[in-house]
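Take a look at the structure set out below.
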Amino acid sequence: MALPPAPPRPKREINASALDQIEALGIDIRQDHPLANLTTIKIGGPADYFAAVTDTHKLLKLARWARANDLPYLILGGGSNVLISDRGIRGLVIHNRCHAVQVQDAPCCDYPKDTRPFLFAESGALMAGAARTAVNAGLTGLEWAVSVPGSVGGAVVNNAGAHGGEVKDSLWDVLLLDGNGDIQVFRVEDLAYAYRQSSLKQEGGTDAGFGPVLLSANFRLQTGDRDTIRAAAQSFLGHRRSTQPVEPSLGSTFVNPPGDFAGRLIEESGLKGFRLGGIEVSRTHANFLINPGGVGAAAAADVLAMIQHIQTVVARRSGVELQPELQRIGEW
Ligand SMILES: Cc1cc2nc3c(=O)[nH]c(=O)nc-3n(C[C@H](O)[C@H](O)[C@H](O)COP(=O)(O)OP(=O)(O)OC[C@H]3O[C@@H](n4cnc5c(N)ncnc54)[C@H](O)[C@@H]3O)c2cc1C
């Protein structure tokens, strides 16, 4: 017999003077704030505490305030790789909208003294927007990212990639608030990059305590022919439009197993178009789970049930155990 779900955990109460202190810095803290609309799949319960920040100084102050008040935090970028539980998130969700992007020469004397330009981006900037800035400046190295949803922070943490490129190929360094509350620069080789992984990736969301906060990143690019770079970016966008669904989703659900494609295995198992609760296996690309009804039409529990169903059917048919690519966060 299945065990009943654990009772919901109580909210960690923050006293009024601590809330006044952060609001005096111009940061608006909301309580029991809905999150579904801040994710690309339009699913997820509320955050106990929530604030959106648009500049890096406020992001720092907020993270440090949370530490001082023992309130675990989670940084939410574009919400394009997280499945937030229906019960929501205990602690503080910081919606990162710090969005400055700039092409520059070597930022200071510690940088290589050749003529290759850098692209500086605050961590809440859209990765696709940062990539477009590079493309429009005739710089090569990030054109693969013009169609990848989410923020620079999410892309750097996840080592996002597409069309044969990935973050680690052009990232030079990052500025971090580390797990001890110190600001540090880390070089790309210090971040243990692997396929969609880095040492910055925190499993467990707010339950993992005070994780590193990525503040900004420097990408090292190469000058090239603007028309050729633009044409490559356009073809990547066109390819995505013709092969991926437009409905709310979290992108690829499962990691491709060695030498094969998760989408092919799911399609071969007859699951294209299969529906469970409000969630459907996309008919356009079987590795995408879509929420056609948007906010309120499907639950995180539907997504999990669908993931388990697909894993069972595919394993039975082809013997392959598919591994989820998206990250589960919140209280389950
Ligand atoms: C339609 C679609 C297509 C996609 N295609 C691709 C693809 O081609 N390639 C690919 O790699 N991915 C793809 N994805 C997945 C997703 O876009 C990437 O993983 C993206 O980089 C996540 O960024 P985000 O800002 O949305 O991260 P979020 O989902 O907001 O967060 C992801 C994780 O990163 C952490 N995080 C975010 N910002 C910070 C920060 N500043 N400091 C510390 N931690 C942080 C969060 O706490 C969380 O743990 C796709 C998703 C969708 C919906």
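Things to note:
- Any hit, segment 210-222, residues being within 21 Å of PRO117 (Cβ to Cβ) and either assigned by TED's automatic domain parsing to the domain that holds HIS57 or in contact with a Pro (Cβ under 7 Å, 6 or more places away or on another chain) (or both): yes
- Residue that is away from the ligand (no atom under 12 Å from the Cβ), touching a residue at least 24 places away in the same chain (Cβ under 8 Å) and assigned to a loop (DSSP other than H, G, I, E, B), where the choices are GLY211, GLY181: GLY181
- Only residues that are near the ligand (Cβ under 10 Å from one of its atoms) and outside any loop (DSSP other than H, G, I, E, B) were counted across segment 69-97, and they come to 11.
- In segment 185-208, the qualifying residues are those that are of a type in the set (Asp, Glu) and at pLDDT below 95, and the one that is nearest to the ligand (Cβ to nearest atom) is GLU203.
- Filter result for THR312 (more than 20 Å from ILE84 (Cα to Cα), surrounded by fewer than 19 Cβ atoms within 10 Å (Cβ to Cβ), among the hydroxyl-bearing types (Ser, Thr, Tyr) and not assigned by TED's automatic domain parsing to the domain that holds ALA155): yes
- Checking the stated criteria, THR284 turns out to be β-branched (Val, Ile, Thr) and over 19 Å from the mean Cα position of the chain (by Cα).
- The residue that is surrounded by the fewest Cβ atoms within 10 Å (Cβ to Cβ), counting only those in segment 214-246 that are assigned to a loop (DSSP other than H, G, I, E, B) and not aliphatic (A, V, I, L, M), is ASP225.
- Qualifying residue in segment 166-176 (condition: touching a residue at least 40 places away in the same chain (Cβ under 8 Å), in the same structural domain as ASP225 (by TED's automatic domain parsing), more than 12 Å from ASN218 (Cβ to Cβ) and surrounded by fewer than 24 Cβ atoms within 10 Å (Cβ to Cβ)): no
- Residue satisfying all of: in segment 321-332; buried (at least 17 other Cβ atoms within 10 Å of the Cβ) and under 20 Å from GLY205 (Cα atoms); farthest from the ligand (Cβ to nearest atom) among these: GLU331
- Leading residue by the ranking (modelled with the lowest pLDDT) among those in segment 134-184 that are touching a strand residue (DSSP E or B) at 6+ places or on another chain (Cβ under 7 Å) and of a type in the set (Asp, Glu): ASP178
- Every listed requirement among (1) within 12 Å of the ligand (Cβ to nearest atom); (2) not in a loop (DSSP other than H, G, I, E, B) is met by ALA51 save one, (1).
- When each of GLY259, GLY251 is tested for being of a type outside the set (D, E, K, R) and closer than 20 Å to LEU35 by Cα, the lone residue that passes is GLY251.
- Applying the set (1) within 22 Å of the chain's Cα centre (by Cα); (2) more than 16 Å from the ligand (Cβ to nearest atom) to SER318 leaves exactly one unmet item: (1).
- Matching option when the condition is farther than 27 Å from GLY251 by Cβ, aliphatic (A, V, I, L, M) and not in a strand (DSSP E or B), among ALA106, ALA131, ALA145: ALA106
- For segment 98-105, the criterion of being surrounded by fewer than 24 Cβ atoms within 10 Å (Cβ to Cβ), under 12 Å from LEU215 (Cα atoms) and within 9 Å of the ligand (Cβ to nearest atom) is met by at least one residue.
- Looking across segment 153-173, the residues that are under 15 Å from ALA130 (Cβ atoms), within 12 Å of the ligand (Cβ to nearest atom) and touching a helix residue (DSSP H, G or I) at 6+ places or on another chain (Cβ under 6 Å) come down to ALA155, VAL156, ALA160, ALA162, GLY165, VAL167.
- Test for VAL148: is it among the β-branched types (Val, Ile, Thr), crowded, with 24+ Cβ neighbours inside 10 Å and either within 23 Å of ASN256 (Cα to Cα) or away from the ligand (no atom under 15 Å from the Cβ) (or both): yes
- Filter result (among the hydroxyl-bearing types (Ser, Thr, Tyr) and part of a strand (DSSP E or B)) within segment 151-177: SER151
The values are calculated or read from the model by the stated rules, or taken from the named source; none is laboratory data. What you are looking at is a predicted structure, and each value in this text was computed from that prediction instead of being measured. All Cβ positions, glycine included, derive from the backbone under ideal geometry; neighbour counts span all protein chains shown.
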